[in-house]
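The values are calculated or read from the model by the stated rules, or taken from the named source; none is laboratory data. No experiment lies behind these values; they were computed from the predicted model shown. FYI the Cβ positions are ideal-geometry reconstructions off the backbone, even for glycines, and counts take in every protein chain you see. Areas reflect the complete protein model, heavy atoms only, side chains present, ligands, DNA and RNA absent. Shrake-Rupley method; radii C 1.70, N 1.55, O 1.52, S 1.80 Å.
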Amino acid sequence: MGSVTHTSDTRPKAKIVLGIESSCDETAVALVRGDRTIIAERIASQEAEHAPYGGVVPEIAARAHAERVAPMIAAVMADAGMTLDEVDAIAATAGPGLIGGVMVGLVSAKALAMASGKPLLAINHLEGHALSPRLADAGLAFPYLLLLVSGGHCQILAVDGVGQYRRLATTIDDALGEAFDKTAKLLGLGYPGGPAVERLALQGDPKAVPLPRPLKGSAEPHFSFAGLKSAVLRAVDSGAHTPADIAASFQQAAVECLIDRLEYALHRAGPFPALVVAGGVAANQTVRAALETFAAKHAMRFTAPPLALCTDNAAMIAWAGCERLALAGEDFHGDPLDFVARPRWPLDADAETVRGAGVKG
Ligand code: KG4
Ligand code: ZN
């Protein structure tokens, strides 16, 4: 080896991926490099369009994505001062989610891939959430236990590696973010409800209103929040409690359900060196504090991506693409250009289907 010089960096150049996210009410585009650099990113929220309806209206969402996605891609490329020639792959959320929006993003990515000759990466939105903590935290190694809590999902996953996910729990009815949004609606707090419920809860007594902890202690490993929501409705209708007490008591019940289900998942599938939380509900400080305590109790490292990476964004989609590219060989040509958008797409294909409606993965 005597003649080999080490003056130049011989490591493979980190690949650059353009990512598009459009599965719910955020149109987002990002350029991410495999060395964990977010080169450029833009996100357009549709909050104002959906606010009058107290929730996301799929048809309005699809139209808004269609209007915005092309100009946003152009803007992100301009922000980065790059052309598609310099990009290694085009990634888009291909499901699960509201199908109209998913199709808009995926078709845009297909068009760019076809025009540029770069590979298409059809990304599972849940995989984006599952891997996003590694974009923010270079020290986070596999495996880890992931709690994914958003408006559409409430799952506990064992993340064993890129493409290796075991679903340990999911919701049999509502996602936790959905329960926060419905509670906010019942309390007249507007949309999106999570942050409003959290703010109001600060002024309330978490023990004031007796509310159920659905499935707590159950041998069924999953979550359920429909019964909690109905109990909130009854508490509101009774007129016996202040909105702040109801908000605080709801939040407390929800957190206890999360911790109970995590304990059970860890008992069945653990130990894990780390606990990670992702999804919009990870913004909640009471949830975070409870998770930190839980992780400390079980000698697990706790990490949560910064808020901008917790809620829906395109950097996580581009990053999932970077992770896949880093594993792929030189003969990798991406996903087929006729990849079909999937409204439902479980991360763990082996996971059994659970009872209940509205379960998206
Ligand atoms: O991940 P996300 O942006 O979109 C989905 O994929 O659903 O999550 C949005 C959800 C909404 O239900 C919102 O009410 C909830 O996350 N959320 C919160 C908080 N901030 C956002 N829930 C509780 N407390 C918060 N501070
Ligand atoms: Zn999401």
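Would it be correct to say that residue 20 is open to solvent by 20 Å² or more (accessible area, probe 1.4 Å), within 15 Å of ligand 2 (Cβ to nearest atom), part of a strand (DSSP E or B) and under 30 Å from residue 180 (Cα atoms)? So that I can check it myself, show each step before the final result.
Details: open to solvent by 20 Å² or more (accessible area, probe 1.4 Å): no; within 15 Å of ligand 2 (Cβ to nearest atom): yes; part of a strand (DSSP E or B): yes; under 30 Å from residue 180 (Cα atoms): yes.
For residue 20, the condition - open to solvent by 20 Å² or more (accessible area, probe 1.4 Å), within 15 Å of ligand 2 (Cβ to nearest atom), part of a strand (DSSP E or B) and under 30 Å from residue 180 (Cα atoms) - is not met.
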**Report entry** Complete set of residues in region 37-77 that are part of a loop (DSSP other than H, G, I, E, B) and either touching a strand residue (DSSP E or B) at 6+ places or on another chain (Cβ under 9 Å) or closer than 20 Å to residue 90 by Cα (or both)
**Finding:** 46
Report summary line: Counting only residues that are crowded, with 23+ Cβ neighbours inside 10 Å, modelled with pLDDT of 95 or more and of a type outside the set (Val, Ile, Thr), region 285-310 contains a total of 1
Query raised in the report: Being modelled with pLDDT of 90 or more and more than 28 Å from residue 254 (Cα to Cα), is that true of even one residue in region 341-352?
Result: yes
Query raised in the report: Residue check: is residue 140 touching a His at 6+ places or on another chain (Cβ under 7 Å), outside any helix (DSSP H, G or I) and either among the hydrophobic types (A, V, I, L, M, F, W, C) or in contact (Cβ under 8 Å) with a residue 60 or more places away in the chain (or both)?
Result: no
**Report entry** Residue that is modelled with pLDDT of 95 or more and not aliphatic (A, V, I, L, M), where the choices are 152, 139, 204
**Finding:** 204
**Report entry** The one condition in (1) closer than 17 Å to residue 215 by Cα; (2) not in a loop (DSSP other than H, G, I, E, B) that residue 174 fails to fulfil
**Finding:** (2)
**Report entry** region 184-210, residues that are free of Cβ contacts under 8 Å to residues at least 24 places away in the same chain and either open to solvent by less than 50 Å² (accessible area, probe 1.4 Å) or on the phi > 0 side of the Ramachandran plot (or both)
**Finding:** 184, 193, 196
Query raised in the report: Residue check, residue 151 against (1) more than 18 Å from residue 345 (Cβ to Cβ); (2) near ligand 1 (Cβ under 9 Å from one of its atoms); (3) crowded, with 20+ Cβ neighbours inside 10 Å, all met but one. Which one?
Result: (1)
Query raised in the report: Out of all the residues in region 81-119, which are in contact with a strand residue (DSSP E or B) (Cβ under 7 Å, 6 or more places away or on another chain), buried (at least 18 other Cβ atoms within 10 Å of the Cβ) and in a helix (DSSP H, G or I)?
Result: 102, 105, 106, 108, 109, 110, 112, 113
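Against the condition open to solvent by 20 Å² or more (accessible area, probe 1.4 Å) and without any contact (Cβ under 8 Å) to a residue 12 or more places away in the chain, how does residue 71 come out, does it pass?
Working: open to solvent by 20 Å² or more (accessible area, probe 1.4 Å): yes; without any contact (Cβ under 8 Å) to a residue 12 or more places away in the chain: yes.
Considered against the rule, which asks whether it is open to solvent by 20 Å² or more (accessible area, probe 1.4 Å) and without any contact (Cβ under 8 Å) to a residue 12 or more places away in the chain, residue 71 comes out as yes.
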Query raised in the report: Could you list, in sequence order, the residues of region 133-189 that are within 16 Å of ligand 2 (Cβ to nearest atom) and touching a Gly at 6+ places or on another chain (Cβ under 6 Å)?
Result: 148, 149, 150, 151, 175, 177, 178, 180, 181
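Being more than 16 Å from ligand 1 (Cβ to nearest atom), among the aliphatic types (A, V, I, L, M) and surrounded by fewer than 22 Cβ atoms within 10 Å (Cβ to Cβ) is the requirement here; does residue 233 meet it?
Values: more than 16 Å from ligand 1 (Cβ to nearest atom): yes; among the aliphatic types (A, V, I, L, M): yes; surrounded by fewer than 22 Cβ atoms within 10 Å (Cβ to Cβ): yes.
Yes; evaluated as a whole, the condition is true for this residue.
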Report summary line: Out of (1) in contact (Cβ under 8 Å) with a residue 40 or more places away in the chain; (2) within 16 Å of the chain's Cα centre (by Cα); (3) more than 12 Å from ligand 2 (Cβ to nearest atom), the one residue 288 does not meet is (1)
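Among what's in region 255-296 and is β-branched (Val, Ile, Thr) and assigned to a helix (DSSP H, G or I), pick the residue that is nearest to residue 180 (Cα to Cα).
Of region 255-296, the ones β-branched (Val, Ile, Thr) are 255, 259, 276-277, 281, 286-287, 293.
Subsequent filtering for residues that are assigned to a helix (DSSP H, G or I) retains 255, 259, 281, 286-287, 293.
Details: 255: 12, 259: 17, 281: 9, 286: 13, 287: 12, 293: 22 Å.
This residue is 281.
Kindly indicate whether residue 346 is over 30 Å from residue 77 (Cβ atoms) and in contact (Cβ under 8 Å) with a residue 12 or more places away in the chain. Please lay out each step first, then the result.
Numbers: over 30 Å from residue 77 (Cβ atoms): yes; in contact (Cβ under 8 Å) with a residue 12 or more places away in the chain: yes.
Yes: the conditions hold for residue 346.
What about residue 286, is it polar (S, T, N, Q) and touching a strand residue (DSSP E or B) at 6+ places or on another chain (Cβ under 8 Å)?
no
Filter region 311-328 down to the residues that are in a loop (DSSP other than H, G, I, E, B) and closer than 18 Å to residue 35 by Cα, then identify the one that is least open to solvent (accessible area, probe 1.4 Å).
Step one: filter region 311-328 for residues in a loop (DSSP other than H, G, I, E, B), giving 311-314, 328.
Checking which are closer than 18 Å to residue 35 by Cα leaves us with 314, 328.
Numbers: 314: 1, 328: 32 Å².
Per the stated criteria, the residue is 314.
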